[in-house]
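Here's the structure, in structure tokens; my notes come after.
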Amino acid sequence: MASIAVIGTGYVGLTTGVCFSHLGHDVVCADVVPEKIERLSRGEPTILERGLEDLLRAGLKEGRLRFVLGAANAVADAEFVYLCVPTPQGADGSADMRYIEDAAREIAPLLRDGTVVINKSTVPVGSTRLVERALGRSDVSVVSNPEFLREGSAINDFLHPDRVVVGSADQSAAIRVASLYIGVPAPFMVTDPASAETIKYASNAFLATKLSFVNAVAAVCEAVGADVNDVVLGMGYDKRIGSEFLRPGPGWGGSCFPKDTRAMLRIAQDAGYDFNLLKGVLTVNDEQFERTAGKIVDLAGGAIEGQTVAVWGLTFKAGTDDLRESPSLEIIRRLLARGARVRAFDPAVTALPADLDLDVEVLPDPYAACEGAAVLAVLTEWDEFKWLDLDKVADALAAPRILDGRNLLDRSAVLRRGFTYRGIGRS
Ligand SMILES: NC(=O)c1ccc[n+]([C@@H]2O[C@H](COP(=O)([O-])OP(=O)(O)OC[C@H]3O[C@@H](n4cnc5c(N)ncnc54)[C@H](O)[C@@H]3O)[C@@H](O)[C@H]2O)c1
């Protein structure tokens, strides 16, 4: 079993740390936020993720998992160092590599001879070299091992991935990284660093393309009187297409797809290729936010100023507490700009962070959020929304109108109760 340091204990780093400790490795996780380290050391998860708490507590109890403040305190005994720090979007659309470079410089003098440093953060082509330069250590190998987990099922995705990709010019370092995954049943692929880095961006950009495509098909369905739910069902039976990621929605978001799609566009541009398809993917997404906001305004009678909109769902998808680039927040922003008031409920959110600067009243109860509202907008696909009492919802609303931004509700049940209903890609 190996000794592993994980730098950054966010969605990816924490999942990586607890899962490697579950696989039997000795893991030290580092972060720069003292409160995170304190909570994690007590066995309290800092993110909402199914199965995380059990693995976290087991790792701590069995002494295979520790949390320390600062990368420098994690790496001295490590054979492997995973970089899981943020790579946010920079001003020109490219990935901002500041956190990666800072972390690499911080740990450089402390690494043991022969350590393998691994980029698990999503990083552009050439980042393996960039980390090598920041480390300035010829006795340390740098490898790319991109992460494909989905928030909401991160633990399962890490332990049962569709594939593990390692990019390295150094075959022996790649094989050492592969050995960390013993016990993980997945195809294992070793390639060069540029290909590994491109696999990650191309995968996210493709998924974003699929979502924009289905949202554009939904717009066509509305125009021709088709039902997008049936259309995607019929499409998905075709094995060449597949049914995953064919669900229409209010627009896509989250911490990865928007920044990674823009970064892919930028990578292509810098290399001399104009990736027009991806420009269209981003445009369609922006249009989808606007179409969804517009539907809410239409339902409210054509003008929303001074009216209240009830919103169910704030996170970017169900099963996570992550609000980063959430479509729901983007639509709320557009409603507020038109003078609406917004009252919201989300099972994973008690308040919006102040830095979002969104004037939204977050309530602990879905019916209270509907009180006196002109429209209810369902914007995140939390399963529990399906089972809420529609009669209570109708009583609470000023008028029974629903925008089902995820085609989540049982449309006939909603209509039977006298609601005016609008979904995405269906009347
Ligand atoms: N979230 C996802 O679903 C997902 C999936 C695959 C890949 N990724 C990629 O993984 C990377 C991390 O994403 P995330 O969602 O986990 O980010 P995150 O913001 O949740 O976590 C990053 C953590 O790193 C910490 N950090 C920053 N600088 C540090 C330093 N010098 N030393 C120690 N800790 C430091 C931050 O405090 C934070 O806790 C990004 O590149 C992202 O694109 C994310």
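The values are calculated or read from the model by the stated rules, or taken from the named source; none is laboratory data. Being a predicted model, the structure only gives us computed values, none of them experimental. All Cβ positions, even for glycine, are placed from backbone atoms using ideal geometry, and neighbour counts span all protein chains on display. Ligands, DNA and RNA are excluded from the accessible area calculation, which covers all protein heavy atoms including side chains. Shrake-Rupley method; radii C 1.70, N 1.55, O 1.52, S 1.80 Å.
Being touching a strand residue (DSSP E or B) at 6+ places or on another chain (Cβ under 7 Å) and outside any strand (DSSP E or B) is the filter here, so list the residues in the stretch 372-382 that pass it. Even if it seems obvious, please write down each step before you answer.
Taking the stretch 372-382 and keeping what is touching a strand residue (DSSP E or B) at 6+ places or on another chain (Cβ under 7 Å), we get 372-380.
Across the stretch 372-382, the qualifying residues are Gly372, Ala373, Ala374, Leu379, Thr380.
Just give me the residues in the stretch 1-52 being of a type in the set (Gly, Ala, Ser), assigned to a strand (DSSP E or B) and more than 9 Å from the ligand (Cβ to nearest atom), in sequence order. So that I can check it myself, show each step before the final result.
Of all residues in the stretch 1-52, those of a type in the set (Gly, Ala, Ser) come to 2-3, 5, 8, 10, 13, 17, 21, 24, 30, 41, 43, 51.
Remaining after also requiring assigned to a strand (DSSP E or B): 3, 5, 30.
Once the filter is applied, which keeps residues that are of a type in the set (Gly, Ala, Ser), assigned to a strand (DSSP E or B) and more than 9 Å from the ligand (Cβ to nearest atom), the stretch 1-52 yields Ser3, Ala5.
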**Given (1) more than 16 Å from Ala374 (Cα to Cα); (2) over 17 Å from the mean Cα position of the chain (by Cα); (3) open to solvent by 30 Å² or more (accessible area, probe 1.4 Å), index of the condition Glu325 fails** = (2)
**Prompt:** What residue, of Val85, Val68, is among the hydrophobic types (A, V, I, L, M, F, W, C), within 28 Å of the chain's Cα centre (by Cα) and part of a loop (DSSP other than H, G, I, E, B)?
**Reply:** Val85
**Complete:** Those residues of the stretch 18-27 which are among the hydrophobic types (A, V, I, L, M, F, W, C) and open to solvent by 20 Å² or more (accessible area, probe 1.4 Å) amount to Leu23
**Prompt:** How many residues are assigned to a loop (DSSP other than H, G, I, E, B) and touching a residue at least 60 places away in the same chain (Cβ under 8 Å) if we restrict to the stretch 101-150?
**Reply:** 10
**Selection status of Phe206, more than 24 Å from Trp382 (Cα to Cα), surrounded by fewer than 18 Cβ atoms within 10 Å (Cβ to Cβ) and in contact with a strand residue (DSSP E or B) (Cβ under 6 Å, 6 or more places away or on another chain)** = no
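Does any residue of the stretch 341-351 turn out to be assigned to a strand (DSSP E or B), modelled with pLDDT of 95 or more, open to solvent by 30 Å² or more (accessible area, probe 1.4 Å) and not β-branched (Val, Ile, Thr)?
At the first step, the residues of the stretch 341-351 found to be assigned to a strand (DSSP E or B) are 341-346, 349.
Checking which are modelled with pLDDT of 95 or more leaves us with 341-346, 349.
Keeping just the survivors that are open to solvent by 30 Å² or more (accessible area, probe 1.4 Å) gives 341, 343.
Now narrow it down to the ones that are not β-branched (Val, Ile, Thr): 341, 343.
Checked the stretch 341-351: at least one residue is assigned to a strand (DSSP E or B), modelled with pLDDT of 95 or more, open to solvent by 30 Å² or more (accessible area, probe 1.4 Å) and not β-branched (Val, Ile, Thr).
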**Prompt:** Which residue pairs have Cβ atoms closer than 7 Å, lie 6 or more positions apart in sequence or on different chains, and pair a first residue in the stretch 181-206 that is part of a loop (DSSP other than H, G, I, E, B) with a second residue that is open to solvent by less than 20 Å² (accessible area, probe 1.4 Å)?
**Reply:** Tyr181/Val164; Val184/Val164; Ala186/Val164; Asp192/Gly167
